[in-house]
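Any read-out appearing in this document is the output of simple, stated calculations on the displayed coordinates, not a laboratory observation. Fair warning: this is a prediction, and the values are worked out from it, not measured in the lab. Positions of Cβ are backbone-derived with ideal geometry, glycine not excepted, and every protein chain shown enters the neighbour counts.
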Amino acid sequence: MPHDHYQIVLIVGSLRRDSLNRKLANAITKLAPAGFSFKEINIGDLPLYNQDEDAHPADAVKRIKAEIKAAHGLLFVTAEYNRSIPGVLKNAIDHASRPYGQSAWTGKPAGIIGISVGASGTSMAQQHLRNVLAYLDVPTLGQPEAFLQAKDGLFDHDGQIGSDSKQFLQSWMDRYVGWVKQHAG
């Protein structure tokens, strides 16, 4: 049944204050239509995942699991570190998927996008993230893929998506919105 409003959890796979991926997350969410709102979850205050703590999770773990469960969809905007996903992102995924059988991720429609200074964008990180999300039963938008390289013109002087990239990224957002509407329970 369609919703009037879709709450999307935004997961930025970088903790850096001036992160290109946080800048991308803030800009791309403005391309979503009315009825879609985005809330970034804080993954920087999570303890390192330790299965011994599954029975008594930290408050930060309880918080992100509740925020994920309450959302209609997920938007991952991730950096690429050493050809994979950042450790802080993997840590958050592991926390919200445990204990076994109590994953907050299950069934939440997701989109993945990322930006890097490298020519291949975040292609390897996105592929690794897709593998993890597939295991967690997260339906993830497959096309179009968006491996963005940080270049002049990607953002305008106000930090919004620049005219050179707006058509492509608007098309990506439109597909993502359709994906969430198709899969959100």
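Quick look at the numbers
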read-out: Value at 222 nm in deg cm²/dmol, rounded to 500, when DSSP H runs of n ≥ 4 in the chain each add -39,500 (n - 2.57); value: -11500 deg cm²/dmol
read-out: Förster radius 25 Å - calculated FRET efficiency between Ala66 and Asp4 (Cβ-Cβ, nearest 0.05); value: 0.70
read-out: Length released on extending from Asp18 to Asp45, taking residue separation times 0.36 nm less the Cα-Cα span; value: 7.9 nm
read-out: Selection of trypsin sites (Lys or Arg not before Pro), segment 105-185, meeting DSSP coil and at most 15 other Cβ within 10 Å; value: Lys151
read-out: Net charge dipole size for segment 1-153 [Lys, Arg +1 and Asp, Glu -1 on Cβ; Debye, nearest 20]; value: 280 debye
read-out: Karplus (6.51, -1.76, 1.60) ³J(HN,Hα), θ = phi - 60°, over segment 130-147, in Hz, Gly and Pro reported as x; value: 4, 4, 5, 5, 4, 4, 7, 6, 9, x, 10, 3, x, 9, x, 7, 9, 10
read-out: Environment charge at Ser97 (Cβ cut-off 13 Å; Lys +1, Arg +1, Asp -1, Glu -1); value: +2
read-out: Dipole of segment 21-68 [Lys/Arg +1, Asp/Glu -1 at C-beta], most positive-end residue of Ala25, Val61, Leu46; value: Ala25
read-out: Net charge of neighbours whose Cβ lies under 11 Å from the Cβ of Ser14, counting Lys and Arg as +1 and Asp and Glu as -1; value: +2
read-out: Qualifying chymotrypsin sites (Phe, Trp or Tyr not before Pro) for segment 38-122 [loop in DSSP, other Cβ within 10 Å: at most 12]; value: Tyr100
read-out: Rounded to 5, the percent of DSSP beta bridges in the chain classed as antiparallel; value: 10 percent
read-out: Low-density loop cleavage sites - GluC sites (Glu not before Pro) in segment 8-68, where at most 14 other Cβ are within 10 Å (DSSP); value: none
